[in-house]
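Below: one structure, written as structure tokens.
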Amino acid sequence: MSLEAVSSHIPSRRVRVSEYLRRYGFSEKRIDMHIRYFGFGEVPCDPDEGPVAQLVAAAAGLGLRGREHRVRYVLHARTMPVTAPYPVNPLRRVCEELGLADSTAFTLTQHACASSLLAVQLAGQLLADDGDPDARALVLAGEKTFTSAAQVIADTGVMGEGAAAILVAPRGGRDRVLGYATHTLGEFHSAPWSDEATSARFNQIYPKALAEVMLAAVETAGLTLDDITLVLPHNVNRMSWLRVLRHLGIQGNGRLFLDNLATLGHCFGADAFINLQSARAQGRLRTGDRSIMTAVGLGATFSAMVLQH
């Protein structure tokens with residue numbers, strides 16, 4: 001399978017991370033740590049833009065007009081199980097606005113922020129089973145920060161409202177998926193509500209667990225880490241990424257694309273795809289280059305996906 005097209009939407013309105021954190025009682029020392037050491041500066045956040053408008057805007061750049069009939073599946077990869085009050089169904093409304101009301105549409109949430117990589121993998125499997133080379137699947141990722149728990153994960157990430165839309169094809173050469181790996185450590189299922197000892201244990205094993213799943217994805221692709229040109233990460237704090245690179249034996253951070261961290265924060269499952277789009281625009285990926293996307297979902301699911309540009 002391949003990613004035939006990737007598009008994103010970033011709200012024009014921004015909120016300073018310092019403002020976010022003061023609102024929730026963070027001390028000035030901890031605020032300084034999030035900015036100076038973790039790398040966060042500001043995040044996109046538009047309270048006047050609802051989840052339907054957000055996702056429709058993300059899909060607008062895919063060029064679906066006139067090809068709607070080819071989109072057989074629509075998958076919304078969400079971090080949070082609930083994003084709207086019952087009986088509102090944002091995904092159904094998104095499909096209606098995009099002319100995809102006849103598509104099979106459903107939501108994935110079980111992998112939290114790693115659900116987007118799971119959705120791409122599942123979309124490819126569905127298309128392969130159908131056997132129609134003209135069929136496509138649309139994956140949507142990104143959410144509103146409408147609760148305090150959705151705005152800040154203390155000492156890990158500050159959440160932004162960027163969204164991504166990915167058009168998946170059963171085959172093709174744009175960005176071919178070469179490998180995928182995922183692993184869930186269920187002992188950390190309580191996520192941010194864990195007790196102090198469990199949180200400390202998770203922080204200790206985090207870099208090793210992520211490095212291992214990245215290596216597993218690379219191995220599944222029949223490659224080695226030396227074959228990877230660029231790491232397209234989820235935008236959690238910069239310090240944690242330096243620890244992951246040490247476990248991988250990668251010197252320096254030249255192969256790590258963290259350019260969007262300071263201005264976008266952590267946009268749930270959309271991060272890696274927004275970073276892919278940015279890396280393309282900056283010329284960081286040339287034809288034939290291999291990249292690896294990563295995502296970690298609270299709960300705790302570690303995932304990685306290898307692409308060839």
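The values are calculated or read from the model by the stated rules, or taken from the named source; none is laboratory data. Source: prediction; values computed, not measured. Positions of Cβ are generated from backbone atoms using ideal geometry, with glycine treated the same way; all protein chains shown enter the neighbour counts. Please note that ligands, DNA and RNA were not included when accessible areas were found on the heavy atoms of the full protein model with its side chains. Shrake-Rupley method; radii C 1.70, N 1.55, O 1.52, S 1.80 Å.
Charge dipole of segment 1-160 (Cα centre as origin; +1 on each Lys and Arg Cβ, -1 on each Asp and Glu Cβ, all else neutral): 480 debye, rounded to the nearest 20.
Report the relative contact order of the chain, percent, no decimals, based on alpha-carbon pairs under 8 angstrom and at least 6 residues apart. Kindly include the intermediate steps, with their values, before the conclusion.
Values: 667 pairs, mean separation 81.3, N = 309.
About 26 percent, as a whole number.
Under the combined filter of DSSP loop state and at most 13 neighbouring Cβ atoms within 10 Å, segment 152-184 retains these trypsin sites (Lys or Arg not before Pro): Arg171. Helical content of the chain, expressed as a calculated mean residue ellipticity at 222 nm, amounts to -10000 deg cm²/dmol (DSSP H runs of 4 or more residues, -39,500 (n - 2.57) each, divided by residue number, nearest 500). GNM remark for the chain: springs join alpha carbons under 10 Å apart, and the peak mean-square fluctuation among Asn260, Asn89, Asn237 falls on Asn89. Other residues lying with their Cβ under 11 Å from the Cβ of Cys45 contribute a combined charge of -2, Lys and Arg counting +1, Asp and Glu -1. Volume of the convex hull of segment 160-235 (Cα atoms only), normalised per residue: 151 Å³. Segment 259-309 and segment 193-227 have Cα centres separated by 16 Å. On full extension, the segment bounded by Asp129 and Arg280 gains 51.3 nm, given 0.36 nm per residue less the C-alpha separation.
Can you list which of the trypsin sites (Lys or Arg not before Pro) found in segment 256-309 are DSSP loop residues with at most 16 other C-beta atoms within 10 Å?
Numbers: sites: Arg280, Arg284, Arg286, Arg290; in loops: Arg284, Arg286.
Those that pass, being in a loop and sparsely packed, are Arg286.
Neighbours of Leu98, meaning other residues whose beta-carbon lies under 15 angstrom from its beta-carbon, give a summed charge of +3 when Lys and Arg score +1 and Asp and Glu score -1. I need the shape label for segment 27-174. Rule: rounded when a/c is under 1.5, else prolate if a/b > b/c, else oblate, with a, b, c from the alpha carbon gyration tensor. Judged from the Cα gyration tensor, segment 27-174 comes out prolate (a/c at least 1.5, a/b above b/c). Protein heavy-atom surface of segment 174-309, 1.4 angstrom probe: 49% of the accessible area is carbon and sulfur, with nucleic acids and ligands not counted.
Legend: residues Tyr37, Tyr180, sorted from most to least accessible area (1.4 Å probe; ligands, DNA and RNA excluded), read Tyr37, Tyr180. Placing Phe273, Phe106 in order of accessible area, with the largest value first and a 1.4 Å probe, yields Phe106, Phe273.
Judged by the gyration tensor of its Cα atoms, with axes a ≥ b ≥ c, the chain is oblate; a/c meets the 1.5 cut and b/c is at least as large as a/b. A 1.4 Å probe run over the chain, with the rest of the protein chains in place, finds 43 Å² accessible per residue. Surface composition of segment 1-160: carbon and sulfur make up 50 percent of the accessible area, probe 1.4 Å. Largest GNM mean-square fluctuation across Ala165, Ala53, Ala272, computed for the chain with C-alpha springs under 10 Å, falls on Ala53. May I ask you to work out the translational diffusion coefficient for segment 107-193 at 10 °C, viscosity 1.306 mPa s, via Stokes-Einstein with Rh from the Kirkwood sum over Cα pairs, reported in whole µm²/s? Estimated via Stokes-Einstein, D reaches 105 µm²/s.
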